[in-house]
Structure formats: structure tokens, C-alpha cells
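Some notes on the structure that comes next.
The values are calculated or read from the model by the stated rules, or taken from the named source; none is laboratory data. Keep in mind it's a predicted model, so treat the numbers as computed, not measured. Neighbour counts run over all protein chains shown; Cβ positions are idealised from the backbone, glycine included.
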Amino acid sequence: MPLFGSKKWNDGLEKTRTGFFARIINTLTGSEIDDDLYNDLEEQLILADVGPECSIRLVDALRDTVREKGLRTGEQALAALRELVRQEMEPEAGMDLSGRPAVILVIGVNGVGKTTSIAKLANLYSRDRKVLLAAGDTFRAAAGEQLEHWAQRANVPLVKAGDGADPAAVIFDAVQSAAARGYDIVIADTAGRLHNKKGLMDELGKIARSVKKAAPGASLEVLLVLDAITGQNALSQAQEFCRAAGATGVILTKLDGTPKGGCAVAVRQKLGLPIRFAGVGEGIDDLLPFSAADFAAALLPGREGTP
Ligand SMILES: Nc1nc2c(ncn2[C@@H]2O[C@H](COP(=O)(O)OP(=O)(O)OP(=O)(O)O)[C@@H](O)[C@H]2O)c(=O)[nH]1
Ligand SMILES: [Mg+2]
């Protein structure tokens, strides 16, 4: 099957495309369009971690499109499904980076890839903007050093305090100094936490409030990092996390490491939040600004230009 779209997206989703989505592609391209096909497709989308509700909705929408447009071949149905996935994943609006500074607070459970993603974001944004990092994980020993190492690699300055310092105070200092020194973007790390630890979840609220206090002109994006390998299984936890922490978007990491990248669709639908970035490896360049079109094309490749 010829691939089109972005190479990085195609590479990042290779495991998914050759895993659970290979069956979906084969089902669509190898069959007549009939009820059996829709039933098989629904089952395979669920197996690919797209989530039952979303899978049913996608297949229903595909049925409608096939009927309305009079599609005849599986290849046409595949293209129609790709377009439906693209629509599903399209954010309503871009990220709010309008503030002075624009603050990106990165949150999530332990080990999902927060600090690595921050390094990648710093690398990405520092190409054309002044970026400052804030080492808000003052809980885990060596977390600050880990971020410092990445900050050096990305050649971006870092505001850091000793272990055990109040994370809201560290982030306050970073935002205040960014505003005073004309930095465009502050990216703040936080310690990993579980959604059911009330004290730690309240701390995130305190951090968000301290951003506004530090610089009245600041904007705030709260990006929840989710690990695609845990995918669907972690979604009910993630829902609670979002509610408690006021997340505004998602970074979906480790898409390169799972055959079930379909979970991105379930994440978008269940959380009602846009995916802003996708992690596709451990290197500093392995973070892709989310593109619904590239994602859908990498997941469901077909002949370019198929209606
Ligand atoms: N393959 C792959 N590995 C990733 C990706 N993102 C992060 N990792 C790896 O995941 C591991 C954990 O990453 P960290 O960035 O330390 O995670 P964290 O959320 O900051 O962890 P805590 O601070 O302990 O909560 C590291 O080994 C990273 O290299 C990704 O997109 N793909
Ligand atoms: Mg970390």
C-alpha cells in the first residue's frame, strides 16, 4: 500500500499500521462493501483501541457516507474512513500561546514522558522563540538534573530550586522572570502524580493560579501527558485527571511503541480535548505537532487522491 503524508508520522505509527490497522486496511481493501464488512470493521476498530463508542460512531458515519456518495469499492471506503478519522481528530482551535509569556504547564502520572516531552518542546519552540524552562518537579530526586541536562541540549535556560521546594513558587519565579526579561514561552515540568491523590491534584490548581499572579498578561495551556502504550486502559483515570487539573490539551507519548495507536481517537473523544503533540521516540526531535490529516493518512494509507 503506497504511503503518502508525512514520513515522521508514517514512521511513528509504523507499529500501529502494521499491527491492528493492517487488518482494518486489509478488510476494507479486500472486500465488497456489505453488512459483514461493517461488522468486521467495527470489531477491528475496537480491538485497535479506538474505543467502542467511537468505533460504532465511525462505522455508522462510514455507512452514511458510502450510501450518500454511492461509493462502491473498499478502497473508496478506506479513503472515506480516513477522512472521518481526520475530522474526528481535528481540534476546534489552535493552542493559546497569546500571553506574555505563554505558559505551558505539563502534567500527568509518573513515567508517562513529561520531562522528555518538555525537552522536545523546548527544542521545537526555541527555533524561533525565547523559551525558559521551569523545573517544577521538586519531588523526585534528580528530576531537576534530568531537566537541566535536556535544557543544555536544547540550549534553553532553566529556573530550578532545591529538592522539596514549593513547585508553585518555582513556577511563579520562572513566569515572573520570563515576563520581566521578555521571554515568549515558559514550559513548566511537574512531578508525576496520581489523579486520586487530592493534595497533589490541588497543588496543580495552586500552580495554575500562581502563573496568573506572577504575570497578569500570561496565557496558560495545561497539557496532560498520556502514554499511548497504556492507551485505552488509562482513560478513566485520565478523565478524572482532566477534571481535577483543568487540562486544555494532550501530549500523547510513545506512539512509536504501541500497535494500538488507535487509542488517540478514543483519547480525543473521551476527554474532549485536542491532542496537541505526539511523541514518536526518545530523541529530542521525536515530538510531532499534532496533525489530524497526517495522523489519519499514516493510520489508514491508501492511494493518494482516492475520493
Ligand atoms: N519510545 C518512546 N519513549 C518515550 C517517549 N516519551 C518518553 N519516553 C521515555 O519514557 C521514559 C520516561 O520519560 P520521562 O520524561 O522521564 O517521564 P516523566 O513523565 O517525566 O516521569 P516522572 O517525572 O518520573 O513522572 C524515558 O525513558 C523516555 O525516554 C516517546 O514518545 N517514545
Ligand atoms: Mg519527569
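Before moving on, here are some points about what is shown:
- Test: ALA218 is more than 16 Å from ligand 2 (Cβ to nearest atom), closer than 30 Å to LEU13 by Cβ and either under 13 Å from the mean Cα position of the chain (by Cα) or at pLDDT 90 or above (or both): no
- Helices (runs of 4 or more DSSP H) contained in region 215-307 and holding at least 2 residues surrounded by fewer than 19 Cβ atoms within 10 Å (Cβ to Cβ) and of a type in the set (D, E, K, R): 235-245
- Counting residues in region 236-250 that are closer than 25 Å to ALA79 by Cα, more than 16 Å from ligand 2 (Cβ to nearest atom) and under 12 Å from the mean Cα position of the chain (by Cα) gives zero.
- Unmet requirement for LEU200, which otherwise passes all of (1) over 28 Å from ALA48 (Cβ atoms); (2) of a type outside the set (Lys, Arg); (3) away from ligand 1 (no atom under 12 Å from the Cβ): (3)
- In region 1-19, the qualifying residues are those that are at pLDDT below 90 and among the hydrophobic types (A, V, I, L, M, F, W, C), and the one that is farthest from ASP294 (Cα to Cα) is MET1.
- Residues satisfying the stated conditions in region 166-190, i.e. within 16 Å of ligand 1 (Cβ to nearest atom) and either assigned to a strand (DSSP E or B) or modelled with pLDDT under 95 (or both): ILE187, ALA188
- Listed by first and then second residue, the pairs linking a residue in region 234-256 that is within 13 Å of LEU194 (Cβ to Cβ) to a residue that is surrounded by fewer than 19 Cβ atoms within 10 Å (Cβ to Cβ) and modelled with pLDDT of 90 or more, with Cβ atoms under 7 Å apart and 6 or more places separating them unless they lie on different chains, are ALA244/MET201; ALA245/MET201.
- Of all positions in region 193-201, at least one carries a residue that is of a type outside the set (Lys, Arg), closer than 17 Å to PRO167 by Cα and in a loop (DSSP other than H, G, I, E, B).
- Cβ pairs under 7 Å, 6+ apart, first in region 62-79 and assigned to a helix (DSSP H, G or I), second of a type in the set (Lys, Arg): GLU75/ARG303
- Residue ID - surrounded by the most Cβ atoms within 10 Å (Cβ to Cβ), chosen from residues in region 91-115 that are in a strand (DSSP E or B) and more than 16 Å from ligand 1 (Cβ to nearest atom): VAL103
- Residues within region 104-119 that are more than 13 Å from the chain's Cα centre (by Cα) and either farther than 24 Å from LYS198 by Cα or near ligand 2 (Cβ under 9 Å from one of its atoms) (or both), tallied: 5
- For region 244-280, filtered to residues that are within 11 Å of ligand 1 (Cβ to nearest atom) and among the hydroxyl-bearing types (Ser, Thr, Tyr), the residue that is modelled with the highest pLDDT is THR253.
- Considered as a group, the residues in region 140-165 that are within 11 Å of ligand 2 (Cβ to nearest atom) and touching a residue at least 40 places away in the same chain (Cβ under 8 Å) include one that is surrounded by the most Cβ atoms within 10 Å (Cβ to Cβ), and that residue is LEU147.
- Filtered residues of region 120-139 (kept if under 18 Å from SER177 (Cα atoms) and either within 11 Å of ligand 2 (Cβ to nearest atom) or of a type in the set (Lys, Arg) (or both)): ARG129, LYS130, ALA135, GLY136
- Residue count for region 116-148, restricted to those that are part of a loop (DSSP other than H, G, I, E, B), of a type outside the set (Asp, Glu) and within 13 Å of ligand 1 (Cβ to nearest atom): 7
- The one condition in (1) surrounded by fewer than 20 Cβ atoms within 10 Å (Cβ to Cβ); (2) over 16 Å from the mean Cα position of the chain (by Cα); (3) farther than 16 Å from ILE107 by Cβ; (4) touching a residue at least 24 places away in the same chain (Cβ under 8 Å) that ALA180 fails to fulfil: (4)
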